[in-house]
Amino acid sequence: MNAVTAYGISYKIQQFIYFAGFGIRDAITPLISYNYGRNSRKRVREGEKYGLIYTIVIMLAGMATLNLFAYPLSGIFGLSAGTQELCVRAMHIISVGFVFAGINIAVQGIFQALEAGTGSLIISVLRLLAVPLPLAYLLTLSADASTIIWWSIPAGEIAAAAVAVLMLRKVNRRVGITQ
């Protein structure tokens, strides 16, 4: 039960960082789409480049913030010492995937802008279901499941980011944008 509470609280705290990434994604999608419609490939490339950079920077800042302030942030909730320790451990481990999550979030917006919405769906399924859920199950079989299970979330982000980069190259070739 402590692990469920720890995850719930760490998840809510991390959502503030994800929301910043989603905000950038929601800003770059119409910019890239507009320039794609205008057939301005240079501006599309710039939108992709800066969208990825800004999202990654935001996620790096979020990772640093969570790692530096995990104890005070989790302390707001009046957790028992054991639950707070689990919550902090979860935040430290899960935040490892933030940079990759930033790539995934930005690329999903790029896919939507370039009429490749299926790619966005594939990335979502990979990062949120197909990789972390089976991996989490397998990790629960280990002796120290309350610590190691958190690694399934960054693993999902890393795997999805690798696929996202490959898919982005393919989409860019299809629409005439070379990188």
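We did not get these values from a lab; they are worked out from the coordinates using the rules stated. Keep in mind the model is a prediction, meaning the values are calculated, not measured. Using ideal geometry, Cβ is built from the backbone for each residue, glycine included, and neighbour counts are taken over all protein chains shown.
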Check your understanding: Mind listing which trypsin sites (Lys or Arg not before Pro) in region 21-80 are in a DSSP loop and have 14 or fewer other Cβ atoms within 10 Å?
Key -> Arg38
Review point. How far is it, in nm, from the label point at Leu68 to the one at Glu46 when both lie 7 Å from their Cα along the line to the Cβ?
Key: 3.2 nm
Revision key, fill the gap. Per the 1/(1 + (r/R0)^6) rule, R0 = 30 Å and r from the Cβ atoms of Ala81 and Lys12, FRET efficiency to 0.05 is 0.90
**Study point:** Debye intensity ratio in log₁₀ form over the Cα atoms of the chain, taken at each q of 0.14, 0.18 Å⁻¹
**Key:** -0.75, -1.07
Point to revise | Residue with peak Gaussian network fluctuation, the chain [Cα springs, cutoff 10 Å], from Val57, Val99, Val88 | key: Val57
Check your understanding: Among Val165, Val107, Val44, which one moves the most in a GNM of the chain with springs linking Cα atoms closer than 10 Å?
Key -> Val165
Check your understanding: By Kyte-Doolittle mean hydropathy of at least 0.0 and Cα axial length of at least 15 Å, which whole DSSP H helices of the chain are selected?
Key -> 2-37, 41-75, 81-94, 98-113, 152-175
Point to revise | Fully extended contour minus Cα-Cα distance, from Arg173 to Ser124, at 0.36 nm per residue | key: 15.5 nm
Study note, to complete from the structure: In nm, the gap between the two label points placed 7 Å beyond Cα toward Cβ at Phe22 and Tyr34 is 2.3 nm
Check your understanding: At what distance in nm do the modelled label points of Leu166 and Ile148 sit from each other, each positioned 7 Å from its Cα along Cα→Cβ?
Key -> 2.7 nm
Exercise for review: Identify which of Phe16, Phe77, Phe69 has the largest mean-square fluctuation in a Gaussian network model of the chain, with springs joining Cα atoms closer than 10 Å.
Suggested key: Phe77
Study note, to complete from the structure: Against the 2.2 N^0.38 Å rule of thumb, the C-alpha Rg of region 76-179 sits at a ratio of 1.30
Exercise for review: With +1 on each Lys and Arg Cβ and -1 on each Asp and Glu Cβ, and nothing else charged, work out how big the dipole of region 2-175 is about its Cα centre, in Debye to the nearest 20.
Suggested key: 900 debye
